[in-house]
Amino acid sequence: MGKNLVTRVDDFVKISTVLISVSDKSGLEQFILELVKINPDIKILSTGGTYSRISEILGEKAINVLFQVSDYTGQPETQGGLVKTLDFKIYLGILTETYNDYHKKDLERTLALPIDMVVVNLYPFEETISKNDSTPEKARANIDIGGPCMIRASAKNYLRVASVVFPKDYGKIIDKMKEQGGCLDLESRFEFAKKAFRHTADYDNAIASYLEKTSYSKKIEPCYKL
């Protein structure tokens, strides 16, 4: 544990690399455009439908700003997007600390980027189970794995990383970054971490409650027609 002790923390961290993967894309257009306006050199890593939406938003500007997570990690997404972000290079970028020499060496060794902000919201589990045509298999398919992992990792490292889970916070982030020269302050990162851990706790509780009320069956209903 000695190699991971934190002895120095920056109050203000410039937002240079952002990972964005969201089910709820509300407010995304204004948020992306403002991020790029504040820091034209920003790098945005993204996946699947989120990548496509951001590409539409940025148009020609996307070529210098937006990057597929699969291109960054060198690992293609699995069929149906089953595995997209569960990658060593991603979590190294989220969890490393600025003034830890061992972490710096790991970043250099893997050519990984420190990720300063993670913008993630989760598969709509509660929305899925509330529908009339909901089945246990549809519910199971909407249990998010990579999202909670990224949220928890970035919230744990609030000393350097902002963990953003609610679109309603986009405006606050932009206002702070404008005031702080493209940076986010430690107090804000800590507040976002609190929301992030509450969000994943509520998500896990919804899944646990559903499973507790659901009878196990060996019969699996097809989730989607082939």
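The values are calculated or read from the model by the stated rules, or taken from the named source; none is laboratory data. Everything numeric in this text was worked out from a predicted model, so none of it was measured. As a convention, Cβ positions derive from the backbone with ideal geometry for all residues, glycine included, and neighbour counts pool all protein chains shown.
The condition (being surrounded by fewer than 19 Cβ atoms within 10 Å (Cβ to Cβ), in contact (Cβ under 8 Å) with a residue 60 or more places away in the chain and of a type outside the set (A, V, I, L, M, F, W, C)) is satisfied by just one residue among THR110, THR128, THR135: THR135.
The residues of segment 35-73 that are in contact (Cβ under 8 Å) with a residue 60 or more places away in the chain and within 18 Å of the chain's Cα centre (by Cα), listed by number, are LEU35, LYS43, LEU45. Tell me, yes or no, whether segment 160-180 has at least one residue that is modelled with pLDDT under 90, surrounded by 12 or more Cβ atoms within 10 Å (Cβ to Cβ) and touching a Ser or Thr at 6+ places or on another chain (Cβ under 8 Å). Within segment 160-180 (the criterion being modelled with pLDDT under 90, surrounded by 12 or more Cβ atoms within 10 Å (Cβ to Cβ) and touching a Ser or Thr at 6+ places or on another chain (Cβ under 8 Å)), the answer is no, since none of the residues qualifies.
Considering every residue within segment 144-162, establish whether at least one is touching a residue at least 24 places away in the same chain (Cβ under 8 Å), under 17 Å from THR96 (Cβ atoms) and either in contact with a Cys (Cβ under 8 Å, 6 or more places away or on another chain) or aromatic (Phe, Trp, Tyr) (or both). Yes, the conditions are met somewhere in segment 144-162.
So in segment 182-213, with the set limited to residues that are outside any helix (DSSP H, G or I) and not small (Gly, Ala, Ser), which one is farthest from VAL119 (Cα to Cα)? This residue is LYS213.
GLU126 fulfils the conditions (1) assigned to a helix (DSSP H, G or I); (2) modelled with pLDDT under 90; (3) in contact with a strand residue (DSSP E or B) (Cβ under 9 Å, 6 or more places away or on another chain) except for a single criterion, (3).
Taken over segment 92-107, residues that are touching a residue at least 60 places away in the same chain (Cβ under 8 Å) and surrounded by fewer than 18 Cβ atoms within 10 Å (Cβ to Cβ) amount to 4.
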